[in-house]
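Right, one structure below, let's go through it.
The values are calculated or read from the model by the stated rules, or taken from the named source; none is laboratory data. Note that this is a predicted model, so its numbers are computed, not measured. SASA here: full protein model, heavy atoms, side chains in, ligands and nucleic acids out. Shrake-Rupley method; radii C 1.70, N 1.55, O 1.52, S 1.80 Å.
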Amino acid sequence: AEARRLYQQSLDIEQQLGDRAGVATSLAQLALLEEAEGNIPRALELIRQAEAIFTELRSPYAAQARRDHERLEGKLQ
């Protein structure tokens, strides 16, 4: 619960600052928390958002987000 609160707080600050890489990182971390709690649909929604931003920014983290996205898709099947 504390991790979620802090990642959400971080996400809010990054959005206010316009820090797109930070937003994507926080979304990816929130996705991992959702996955750990068994909420795969929400985790998938968050990782898709993170992946889109990382890809747009041409970040090296896009590849990891893509792998996480694929792994989460597999959990839904």
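Between Q77 and D19, what length comes free when the chain is fully extended (0.36 nm per residue of separation minus the Cα-Cα distance, one decimal in nm)?
On the way: separation 58, 0.36 × 58 = 20.88 nm, distance 3.39 nm.
The span from Q77 to D19 would gain 17.5 nm if fully extended.
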- Accessible surface, per residue, of the chain when the full set of protein chains is kept, probe 1.4 Å, Å²: 63 Å²
- Message: If I build a Gaussian network model for the chain, linking alpha-carbon pairs within less than 10 angstrom, which residue out of E34, E56, E45 has the largest mean-square fluctuation?
- Response: E56
- Task: Subtracting the Cα-Cα distance from 0.36 nm times the residue separation, let me have the gained length for L6 to I40 in nm, one decimal.
- Result: 10.2 nm
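Please report the carbon-and-sulfur percent of the accessible area for the chain; probe 1.4 Å, protein heavy atoms only, DNA, RNA and ligands left out. Working shown, then result.
On the way: 2530 of 4820 Å².
Here carbon and sulfur together make up 52 percent of the probe-accessible area.
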- Task: Kindly provide log₁₀ I(q)/I(0) values, in the same order as q = 0.23 Å⁻¹, from the Debye equation applied to equal alpha-carbon scatterers of the chain.
- Result: -1.00
- Item | GNM result for the chain, Cα springs below 10 Å: residue of L17, L32, L44 fluctuating most strongly | L17
